[in-house]
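Asker: Have a look at this one.
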Amino acid sequence: MTETRKYETVIGLEVHAQLLTRSKMFCSCPADYIQGSPNTAVCPVCLAMPGVLPVINRRAVEYVIMTGLALNATIAQNTQFHRKNYPYPDLMKGYQISQYDEPIALGGWLTIDVNGEEKRVGITRVHLEEDVAKLQHRQDAQGEGYSLVDVNRSGTPLMETVSEPDMRSPEEARQYLLKLRSILQYLGVSTGNMEDGSFRCDANISIRPWGSSQLSSKVEVKNMNSFRAVFRALQHEEERQERVVEEGGRVVQETRGWMEERGVTVSHRAKESAHDYRYFPEPDLPPLSIDREWVEEIRARLPELPEARRGRFATQYGLPMYDANLLTASRATADFFEECLKTKETAPQGLAAKSKAIANWMLGDLTGLLNASGAGVIEGAKVTPQGLREFTDLIDAGAISGPAAKTVLEEMVKSGKGAQAIAVEQGLTQISDVRLLDGTVAEVIQRNSQAVQDFLGGKETALKFLVGQVMKETRGRANPSLVNQILQEKLSSKGRQ
Amino acid sequence: MAANLFDLTLHEARGLLDSRQVSSRELTQAILGRIMEVEPRLKAFVTVTGEMALRQAREADEAMAEGRVTPLTGVPVQIKDNMCTRGVLTTCSSRMLESFVPPYSATVVERLYGQGAVVVGKGNMDEFAMGSSTENSAFFPTHNPWGMERVPGGSSGGPAAAVAAGECLYALGSDTGGSIRQPAALCGIVGLKPTYGLVSRYGLVAFASSLDQIGPLTRDVTDCALVLNAIAGHDPRDSTSIPQGIPDYTRALEADVRGMRIGVPREYYVEGINRDVAETLKKALETLEKMGASVEETSLPHTRYALAVYYILAPSEASANLARYDGVKYGFSYKQADTMWQAMEKTKQHGFGPEVKRRIMLGTYALSAGYYDAYYLKAQKVRTLIRREFQEAFQRYDVLVTPTSPTVAFKLGEKMEDPVQMYLSDVCTIPVNIAGIPALSLPAGFVDGLPVGMQIMGKPLGEETILRVAYTYEQATEWHKMRPKL
């Protein structure tokens, strides 16, 4: 498709991720601002009372170091916080404590998959800052607008990861975001949830004629609240810029906001006028020296990252690379999968077959059901790994038939009940008892004399028809292979008569 | 021994309290009586906390009866109104915080409470500690007990005047460019600006964070050591606080300067220095020399840049520190605005006084894109040079001695129309804050009936050496025993 385009797209992303620390960035208030009612997780420090001072949350620094290491970046020996000055009612101090020219991590990369080939995307920097409060805009009885401030989020730690302008399409940007999120989730430093604002993305996008190495004026796109929104906004912006250039115009360097409903970006130019943040070193926080022992200790504790786990899944469980890739894309899914296999009893059919069976259920029906339920992710699902394991064990034992299994899983996702209980409750257990099937089989033989004659006359397909009749009589509950067996026995004795 | 209870030093009062000759209640009542008597003329307090003081006095008497005694137990203190006191107005002498009652106390205040202090009130000051005469208080100027038509200095003018006038036995002030030492000098008392990081700034309403430091204002050097003992030491809530233990500063109170090397930097005898002040200093140095110290003239050439550096760095930091006063959360809030932005702007316009606004503008300008390198960054580099120059000087000298202020107390209104003249009154004290070193001012004589202060500077954490030199001089002179007639 690239050959047909006259322009090359250049994209760089800035990602803000809320860190999963227990306390806030500069005080001991709980960082989980979503839980409490407004203005309960606050103290003089995050309220910016006169005279308060910040104290660095060491764990937040550690999380950024972890991320830096996972992104193959260099961890600074000395790092410094700066004040970023701008007035806004959600910014308690009137400045944000952020980092400027001495971030914690510099110069790394991650790899994304582009048409089956690995591509490196450079990471410029990873730094630490604090989040702002939340404004709620209201209207009074007279229709007058007013705003309320919820300070709970103020001062929660925020990690900013800035990429190099290395992405060449909206799809690459989406891949990068997914990969970065996956890494943060694996590290356990962020939930990576875009919808609730725990993981936010701003994009810089420009186009240039093919072969040109110059960077043309870039447009910053904001207000994208999902992976899909990022993809759509960048696609729109790419087309818009092409149109501008094609019509003989010039792309203006500006900030534009994505309007989800209208599917367009809109200029924020007015808002942007004269933004001078007047950065200067935060005098309340001396430069932080990060000693090498600490970095090495953190490196030693780094958990297994997506790529390593994918490789291990392929070798340890004998999974196809395709399955391993999908299963390890999110840490929660990979953990769920491994939890399913964590049992003392070895599966009768061997680990590889059992793994493949669980992988198939997870990547097939379970994913479908979770998507249909709107959750889309395994986190918070009612189905537990133990539940799914039991479910597959019942299938292996012949206690649930294939068609019934789908119904059972559906109910498991809905209610969270166990597979055995659901099967019994809904009469979906498979009938594998010869005595229970004997009568039905005899009845079917009696009622279908033509088919019996056909079979005895050498027509093999007639047997299938008879099996089907038994299944119909038992509403799918009969064990098909057992039915087959009983039928053959009865018919052969008939043939001998 | 002083005739009146309000004329006592902290350590004299301690003696009377410990020997049960006087109770904290009696002492506190005497102080409150003195406040009633002189405060209408002096105006050293923004808030008098009489009821709280009497309650604390009762608690102190109970504590003393049970044998729980610290050097501060039961002794009345005034606190500059830029240190947060839980449940008690903390205004910074600004309209902006005129009704602000903090929900927490500064670390130093907690330490005083913990040691049984009796807080009689909050001291008047230049608004947000910006000024050298206390005339920038949004409420009223404070007068000098030695001459009621004169300024007490600033910005800790309220605390200095209160100590000098016997409205408390000692006070806590803050010093960003001389705000403890200059008023101490002009009011004839002892004032110490400790090493940056020695005393916690937590709860001190920030003016210029890299320069601000809390310190004692006392009637003599012994009291200075006692109060420093009480307030110094590491505080995990202040990341710029020095993480190490502190000595007992009273052990430095030894009247002996034999063999000590005193440097006298000639740059501090600036143009515009009062000749009699210079003469007074010369005599004080002769006294120290007689007591066995060697006194030598020296040069600190970068001193002349300190004032310029200060008036870039301090306003820069202040421009950010004061951004939080937007009327959204606490303090003054302009209510008649049409829009949110207008409300925030009008809050600042009406809430801050002219000097505060001047400094916010100066700082905003110095940090702006295109000017940062020429101003802020350059100033930081010169700051490093000044610091280094002091380091080198302290390899040759134990202390440096200069006048604290180029003049004695000037008249109210005299410098209000000329900010630069006002800024120049801190020319001798500002280099100390720029370098982060400690310095003390103590009474060294009188000119025209007004006190003259001698400044003793030491190397970082050199408080003990400073106290020893000051104590030695004090033992040889009577200046610290003089009390103004009110």
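The values are calculated or read from the model by the stated rules, or taken from the named source; none is laboratory data. Since we're looking at a predicted model, the values are computed, not measured. Backbone-built Cβ (ideal geometry, glycine too); neighbour counts: all protein chains shown. Accessible surface areas use protein heavy atoms only, side chains included; no ligands, DNA or RNA. Shrake-Rupley method; radii C 1.70, N 1.55, O 1.52, S 1.80 Å.
Asker: What residue, of B:100, B:128, is in a loop (DSSP other than H, G, I, E, B) and either of a type outside the set (A, V, I, L, M) or away from every other protein chain (no Cβ under 14 Å) (or both)? Please lay out each step first, then the result.
Answerer: Values: B:128 fails: in a loop (DSSP other than H, G, I, E, B).
B:100 is the lone residue from the list that is in a loop (DSSP other than H, G, I, E, B) and either of a type outside the set (A, V, I, L, M) or away from every other protein chain (no Cβ under 14 Å) (or both).
Asker: I would also like to ask the following. What pairs come out if I take residues in region A:459-473 that are over 9 Å from residue A:441 (Cα atoms) and pair them with residues that are open to solvent by 20 Å² or more (accessible area, probe 1.4 Å) and part of a helix (DSSP H, G or I) whose C-beta lies under 7 Å away, six or more apart or interchain?
Answerer: From region A:459-473, the pairs are A:462/A:454; A:462/A:455; A:463/A:455; A:471/A:480; A:473/A:440.
Asker: Yes or no: residue B:300 within 14 Å of chain A (Cβ to nearest Cβ), under 25 Å from residue B:386 (Cβ atoms), touching a Phe, Trp or Tyr at 6+ places or on another chain (Cβ under 9 Å) and among the aliphatic types (A, V, I, L, M)? Before the answer, list the steps.
Answerer: Details: within 14 Å of chain A (Cβ to nearest Cβ): no; under 25 Å from residue B:386 (Cβ atoms): yes; touching a Phe, Trp or Tyr at 6+ places or on another chain (Cβ under 9 Å): yes; among the aliphatic types (A, V, I, L, M): yes.
The answer is no for residue B:300.
Asker: On the basis of being in the same structural domain as residue A:45 (by TED's automatic domain parsing), of a type outside the set (Asp, Glu), closer than 29 Å to residue A:151 by Cβ and open to solvent by 20 Å² or more (accessible area, probe 1.4 Å), does residue A:88 make the cut? Steps first, please.
Answerer: Details: in the same structural domain as residue A:45 (by TED's automatic domain parsing): yes; of a type outside the set (Asp, Glu): yes; closer than 29 Å to residue A:151 by Cβ: yes; open to solvent by 20 Å² or more (accessible area, probe 1.4 Å): yes.
So residue A:88 passes the test.
Asker: Moving on. Tell me the residue from A:53, A:135 that is out of contact with any helix residue (DSSP H, G or I) (no Cβ under 8 Å at 6 or more places or on another chain) and closer than 16 Å to residue A:151 by Cα, please. Give the derivation first.
Answerer: Numbers: A:53 fails: closer than 16 Å to residue A:151 by Cα.
Going through A:53, A:135 in turn, just one is out of contact with any helix residue (DSSP H, G or I) (no Cβ under 8 Å at 6 or more places or on another chain) and closer than 16 Å to residue A:151 by Cα: A:135.
Asker: Given the options B:112, B:27, B:17, B:72, name the one that is open to solvent by less than 30 Å² (accessible area, probe 1.4 Å), in contact (Cβ under 8 Å) with a residue 40 or more places away in the chain and assigned to a loop (DSSP other than H, G, I, E, B). If you could, list the steps in order and put the result at the bottom.
Answerer: On the way: B:112 fails: assigned to a loop (DSSP other than H, G, I, E, B); B:27 fails: assigned to a loop (DSSP other than H, G, I, E, B); B:17 fails: assigned to a loop (DSSP other than H, G, I, E, B).
The match here is B:72.
Asker: Would you say residue A:140 is touching a helix residue (DSSP H, G or I) at 6+ places or on another chain (Cβ under 8 Å), away from chain B (no Cβ under 14 Å) and either surrounded by fewer than 19 Cβ atoms within 10 Å (Cβ to Cβ) or of a type in the set (A, V, I, L, M) (or both)? Reasoning before the result, please.
Answerer: On the way: touching a helix residue (DSSP H, G or I) at 6+ places or on another chain (Cβ under 8 Å): no; away from chain B (no Cβ under 14 Å): yes; either surrounded by fewer than 19 Cβ atoms within 10 Å (Cβ to Cβ) or of a type in the set (A, V, I, L, M) (or both): yes.
No; evaluated as a whole, the condition is false for this residue.
Every residue, every condition in (1) touching a residue at least 40 places away in the same chain (Cβ under 8 Å); (2) within 18 Å of residue A:483 (Cβ to Cβ), yes or no:
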site: A:420; (1), (2): no, no
site: A:423; (1), (2): no, no
site: A:433; (1), (2): no, yes
site: A:438; (1), (2): yes, yes
site: A:442; (1), (2): yes, yes
site: A:445; (1), (2): yes, yes
site: A:453; (1), (2): no, no
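Asker: Tell me which helices (runs of 4 or more DSSP H) are completely within region A:258-367 and hold 2 or more residues being among the aromatic types (Phe, Trp, Tyr), open to solvent by less than 50 Å² (accessible area, probe 1.4 Å) and more than 14 Å from chain B (Cβ to nearest Cβ), or say none if there are none.
Answerer: On the way: elements: A:269-272, A:292-301, A:306-316, A:321-328, A:331-340, A:351-361.
The qualifying helices (runs of 4 or more DSSP H) are A:331-340.
Asker: I'd like to verify a number: residues in region A:25-42 that are of a type outside the set (Phe, Trp, Tyr), open to solvent by less than 30 Å² (accessible area, probe 1.4 Å) and within 14 Å of another protein chain (Cβ to nearest Cβ), how many?
Answerer: Restricting attention to region A:25-42, the residues satisfying the condition of being of a type outside the set (Phe, Trp, Tyr) are A:25, A:27-32, A:34-42.
Those still in the list that are open to solvent by less than 30 Å² (accessible area, probe 1.4 Å) too: A:25, A:27, A:29, A:31, A:41.
If we keep only those that are within 14 Å of another protein chain (Cβ to nearest Cβ) as well, we get A:25, A:27, A:29.
Going through region A:25-42 one residue at a time, the tally reaches 3.
Yes/no matrix, rows are residues, columns are (1) open to solvent by 10 Å² or more (accessible area, probe 1.4 Å); (2) more than 30 Å from residue A:492 (Cα to Cα):
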residue: A:384; (1), (2): yes, yes
residue: A:403; (1), (2): yes, no
residue: A:408; (1), (2): no, yes
residue: A:428; (1), (2): yes, yes
residue: A:435; (1), (2): yes, no
residue: A:458; (1), (2): yes, no
residue: A:464; (1), (2): yes, no
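Asker: Determine whether region A:172-192 contains at least one residue that is among the charged types (D, E, K, R), at pLDDT 95 or above and more than 29 Å from residue A:128 (Cβ to Cβ).
Answerer: So far as region A:172-192 goes, no, none of its residues is among the charged types (D, E, K, R), at pLDDT 95 or above and more than 29 Å from residue A:128 (Cβ to Cβ).
Asker: Okay, next question. Considering only region B:322-359, state which residues are more than 11 Å from chain A (Cβ to nearest Cβ) and within 17 Å of residue B:136 (Cα to Cα).
Answerer: Listed by number, the residues that qualify are B:349, B:350, B:351, B:352, B:353, B:354, B:355, B:356, B:357, B:358, B:359.
Asker: Being of a type in the set (A, V, I, L, M), assigned to a helix (DSSP H, G or I) and in contact (Cβ under 8 Å) with a residue 40 or more places away in the chain is the filter here, so list the residues in region B:297-326 that pass it. Talk me through it step by step, then tell me what you get.
Answerer: Step one: of region B:297-326, the residues of a type in the set (A, V, I, L, M) are B:300, B:306-309, B:312-314, B:318, B:320, B:322-323.
Subset that is assigned to a helix (DSSP H, G or I): B:306-309, B:312-314, B:318, B:320, B:322-323.
The answer is B:306, B:307, B:308, B:309, B:312, B:313, B:314, B:318, B:320, B:322.
Asker: Would it be correct to say that residue A:200 is among the charged types (D, E, K, R), open to solvent by 10 Å² or more (accessible area, probe 1.4 Å) and more than 23 Å from residue A:112 (Cβ to Cβ)? Break it down stepwise before answering.
Answerer: On the way: among the charged types (D, E, K, R): yes; open to solvent by 10 Å² or more (accessible area, probe 1.4 Å): yes; more than 23 Å from residue A:112 (Cβ to Cβ): no.
So residue A:200 does not fit the description; no.
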